[in-house]
Amino acid sequence: MLSQALQGRSLAHERAALDEPAARVPWILAVALGSVYALFSLLRHRRMETAGYDLGIFDQAVRSYAHLQMPVVPLKGPGFNLLGDHFHPVIALLAPLYWLWDDPRMLLAAQGVLFALSTVPICRFAMGRLGRDAGIGVTVAYGLSWGLQGAVAFDFHEIAFAVPLMACVMVRLADERYRAAVLWSLPLLLVKEDMGLAVAAVGGFLLLRRKWRLGLAAGAAGAAGSALAVLVVLPHFSPSGEYRYWNQMGTPPGIAEHPQRLVLLLCVLGVTGFVALRSPLLLIAAPLLLPRLASGVSMQWSTGIVHYNAILMPIVFVAFVDGVRRLRKPLLAHTALVIALGALPFLPFARLVQPGFYSTPAHVQAAQRLMARIPDGAAVAAGNRLVPQLTARCQVTLFADVHHRPVDWVIVDTGRLTGVPAPEDAQKAALRDLPARGYAEVARQDGIVLFRRR
């Protein structure tokens, strides 16, 4: 009886915390944070800091969906169906946006909206459990967390859909609304082939809570979803007839050899001052982290400008709120905000207070002048950083194209070769070979060179 009374008082407190006008607070914060995300992304694009890998790739895929076609991406190869690379049919939901504005910047804006939406359930949950002011602090800390900033600074990625879904899953697990948590987790299977791990993690958590039937169902759904994607769908559409990323699951290097893996763990836990460790909800992160730590690809361990860490942030921050409640020390609720604000000068969004970030560099202006000479609809091979500036109006492949597809124009920024899709030396050699292949140099400015087929 006592526990029921306490639970009733807790629920009453949570409802009171979200009475008007407090109910508007999550949406106000979402609009503010979403504006920051979109502004940062669009400024990067204007400064030519986005790239063909990955913004150009997703732009071509969503444009194909908008034309009611399969997601063929010339940047990946001739007739390459992106469903043979990663399983992310969820990005087709963005196709109607291209009917309004056919431009890669639409993806950047949409990603900002999706990340911002994830703050709403977290804010409601935090305000309900910790009170209005503390909840706002947690939400700001979450919205400015290093994992989300790194994803926003990494062009566009399908993980943008997973973040709000995971936020809803975690809040419902914390509220012991287990059936709803499972239902919210199932769409993750359409985000990427490895998201079955997240669904299975929900199932494992429910088994620990002795929710046998629901836990087994979620675990089976997660395993089956990933298996279907990796063993059937992806090989069917892949040019090689097999899943392309098995080689990323090799034997992991040691911690001593690559301590960045330990840094990743410290950053994931340290973003909440390690308070999240007090909550069993943190276990949901384990199946998502362990494969990355076991990977032989160094980007998987990165704490910098990558998208991999974004989905961990809702998990860690919901666990943080739960941990504060378990410790019964309200002052700890401000820990995450203090850490977030202290880290800001060292994170990507610090550029937003730098006046130079809002200007267009002379180098970019030179590139814009040369790209303006390329007519709409032309077949172009472009350097990685120039690709997303052209995909909205041209047929674009990456330079140097290993398939040697015929194009009318070639434009390369020789000072910003990225090693994609070929090493820099190979790209320089291909550039020297262009005259012998029938291309004439028509313009050169500030290291950017424009060729046209004779």
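The values are calculated or read from the model by the stated rules, or taken from the named source; none is laboratory data. For clarity, every value in this text was computed on a predicted model and none was experimentally measured. We place every Cβ from the backbone using ideal geometry, glycine too, and count neighbours over all the protein chains shown.
Put simply, of Ala319, Ala350 the only residue that is under 27 Å from the mean Cα position of the chain (by Cα) and surrounded by fewer than 22 Cβ atoms within 10 Å (Cβ to Cβ) is Ala350. The residue pairs whose first member lies in the stretch 437-454 and is under 15 Å from Ala378 (Cβ atoms), whose second member is β-branched (Val, Ile, Thr), and whose beta carbons are closer than 7 Å, counting only pairs six or more residues apart or on different chains, are Tyr439/Val410; Leu450/Ile411; Leu450/Val442; Phe451/Val410; Phe451/Val442; Arg452/Val442. Here is the figure for the stretch 29-52: residues that are of a type in the set (S, T, N, Q) and within 15 Å of the chain's Cα centre (by Cα) total 2. Across the stretch 131-145, the qualifying residues are those that are assigned to a helix (DSSP H, G or I) and surrounded by 24 or more Cβ atoms within 10 Å (Cβ to Cβ), and the one among them that is farthest from the chain's Cα centre (by Cα) is Gly135. For the structure I just gave you, tell me whether Leu108 is under 27 Å from Val420 (Cα atoms) and either in the same structural domain as His403 (by TED's automatic domain parsing) or touching a Ser or Thr at 6+ places or on another chain (Cβ under 6 Å) (or both). Yes. Contact map, the stretch 206-221: first residue under 18 Å from Pro280 (Cα atoms) and modelled with pLDDT of 95 or more, second residue outside any helix (DSSP H, G or I) and of a type in the set (Lys, Arg), Cβ cut-off under 8 Å, separation 6 or more or different chains; pairs are Gly215/Arg209. Report, by residue number, each residue of the stretch 42-54 that is in a helix (DSSP H, G or I) and either surrounded by 24 or more Cβ atoms within 10 Å (Cβ to Cβ) or not assigned by TED's automatic domain parsing to the domain that holds Met106 (or both). If the condition is that a residue be in a helix (DSSP H, G or I) and either surrounded by 24 or more Cβ atoms within 10 Å (Cβ to Cβ) or not assigned by TED's automatic domain parsing to the domain that holds Met106 (or both), then Gly52 is the only one that fits. Among residues of the stretch 92-134 being touching a residue at least 60 places away in the same chain (Cβ under 8 Å) and of a type in the set (Phe, Trp, Tyr), the one that is farthest from Arg385 (Cα to Cα) is Phe125.
For the stretch 264-286, residues that are more than 18 Å from Leu197 (Cβ to Cβ) and under 22 Å from the mean Cα position of the chain (by Cα) total 6.
Candidates Gln60, Gln69: the one that is surrounded by fewer than 19 Cβ atoms within 10 Å (Cβ to Cβ) and either over 16 Å from the mean Cα position of the chain (by Cα) or not assigned by TED's automatic domain parsing to the domain that holds Leu331 (or both) is Gln69. Residues of the stretch 297-317 that are under 13 Å from Val271 (Cα atoms), of a type in the set (A, V, I, L, M, F, W, C) and touching a Ser or Thr at 6+ places or on another chain (Cβ under 8 Å): Met313, Val316, Phe317. The residue of the stretch 148-160 that is farthest from the chain's Cα centre (by Cα), among those that are assigned to a helix (DSSP H, G or I) and surrounded by fewer than 24 Cβ atoms within 10 Å (Cβ to Cβ), is Gly150.
The criterion of at least 2 residues that are touching a Pro at 6+ places or on another chain (Cβ under 7 Å) and surrounded by 14 or more Cβ atoms within 10 Å (Cβ to Cβ) is met by the following helices (runs of 4 or more DSSP H) wholly inside the stretch 183-296: 196-208.
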